[in-house]
1. Grab the alpha carbons of chain B, take their convex hull, and tell me the volume per residue in Å³.
2. Which whole number in µm²/s is D for the protein assembly as shown by Stokes-Einstein, with the Kirkwood Rh taken over Cα pairs at 25 °C and 0.890 mPa s?
3. What FRET efficiency, computed as 1/(1 + (r/R0)^6) with R0 = 45 Å and r the Cβ-Cβ distance, is obtained for B:Asp15 and B:Trp198, rounded to the nearest 0.05?
4. Where does the charge balance sit around B:Ser61 when Lys and Arg score +1, Asp and Glu -1, over other residues with C-beta under 11 Å from its C-beta?
5. What number, in nm² with one decimal, is the all-direction average of the projected area of the convex hull of the alpha-carbon atoms of region B:2-101?
6. Can you compute the charge dipole magnitude of the protein assembly as shown about its Cα centre, using +1 on each Lys and Arg Cβ and -1 on each Asp and Glu Cβ, nothing else charged? Give it in debye, rounded to the nearest 20.
7. Hey, got the average number of other protein chain Cβ atoms within 10 angstrom for residues in A:80-87?
8. In nm, give the distance between the simple-model label positions of A:Glu112 and A:Tyr42, each being 7 Å from the Cα along the Cα-to-Cβ direction.
Amino acid sequence: MYRGGPGQWAWLLHRWSGVAVLLFLLIHILDTGLVLFGPQVYDKVVGLYTHPVFRVGEVGLVAAVLYHALNGIRITLIDFYPELTERQRPLFYAVVSVFVLLFLPTAYLMLETLLW
Amino acid sequence: MHIRLRVKRFEAGKDREPYWSEYGLEVEATDRVLDALHRVKWHQDGTLTFRRSCAHGVCGSDAMLINGRNRLACKVLIRDVGDHIAVEPLRGYPVIRDLVVDQSAFFRKYESVQPYLVADGEPPARERRQSPAERERFDDTTKCILCMACTTSCPVFWPNPEYVGPAAIVNAHRFLFDSRDTEKEGRLARLNAGDGVWRCRTIFNCVEACPREINITRAIGEVKKALLLQKG
Ligand code: SF4
Ligand code: FES
């Protein structure tokens, strides 16, 4: 394990969230494709997604998309304005803060009905 | 103070697997890790092998992985790493022996960016003039001592040894932004290749590792931007 700084963790999270979103998209293409086998098959499989495991999984998906988007903005800014490299740490902390601010209420709203 | 120094050892052609040697020794908190390595080599185990030359942070010989970070052994104090110290060779290049890695591939990449002034046309009668502002443009990247700490800290480089790497880009930047140089196109084309600047993922490990505090990711970013804004 190389003990890099925040930049290394920002990149690792970016990778993982990117792969997670890609996996979701592949599954999503497959489940949408099921409609070719008729509405019953489609309804039955997609109905599985109301199971709590998938509900929690959806929250994870939101987290992945949100982080990937916010850190993507950080990287794009740094690419177009190389002088922002001096600020990469504060920029990363801003990404984390905005992520928490947006993610917590969203997760609450999504899981509210599961909790009670 | 008493320290426990662990060193990852390996001898090409002899050992099949790397192994750890452990040494206990007395040092001052203000000694450098290099002093501890010297003490071991001179008084405990003459077979311990590492590179060093200047011992003052200018030659770039003794970059190594110290407690999980690339550092110059001659610049890092014992008190800054604690009394349990683990030293490993730089990652990504073949180990010749102990802390000595084979630098040939590293220097081939360095040479591939033409790290020297190329100035076409008749040489002027006096020196080639440059304003302080023009000199300032590439000041940061003149400070490189080719220690390899940046390239071997890069997670993009570890699995892709073909990646030209931060050190070579730093040295290309030093001439790309030099007003006297006339070989911009060749260097830019070289860095635009598949193993060039576009491999960089702005991870900043190189910046954290550089003992000369060069803002390497900025230099790489400036090269990327120059490529992007190139006509055509
Ligand atoms: S840029 Fe810094 S870390 Fe990289 S080789 Fe030069 S001095 Fe070493
Ligand atoms: S021995 Fe020269 S830089 Fe450390």
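We did not get these values from a lab; they are worked out from the coordinates using the rules stated. Keep in mind that what you see is a predicted model, and the values were worked out from it rather than measured. Cβ sites come from the backbone with ideal geometry, for glycine too, and all protein chains shown count toward neighbours.
1. Value for chain B: 148 Å³ per residue.
2. 104
3. With R0 = 45 Å, the Cβ-Cβ based efficiency is 0.75.
4. Overall, the nearby charge balance is +1.
5. It is 6.0 nm².
6. Using only the charged Cβ atoms, the result is roughly 280 debye.
7. 5
8. Inter-label distance under the simple model: 3.0 nm.
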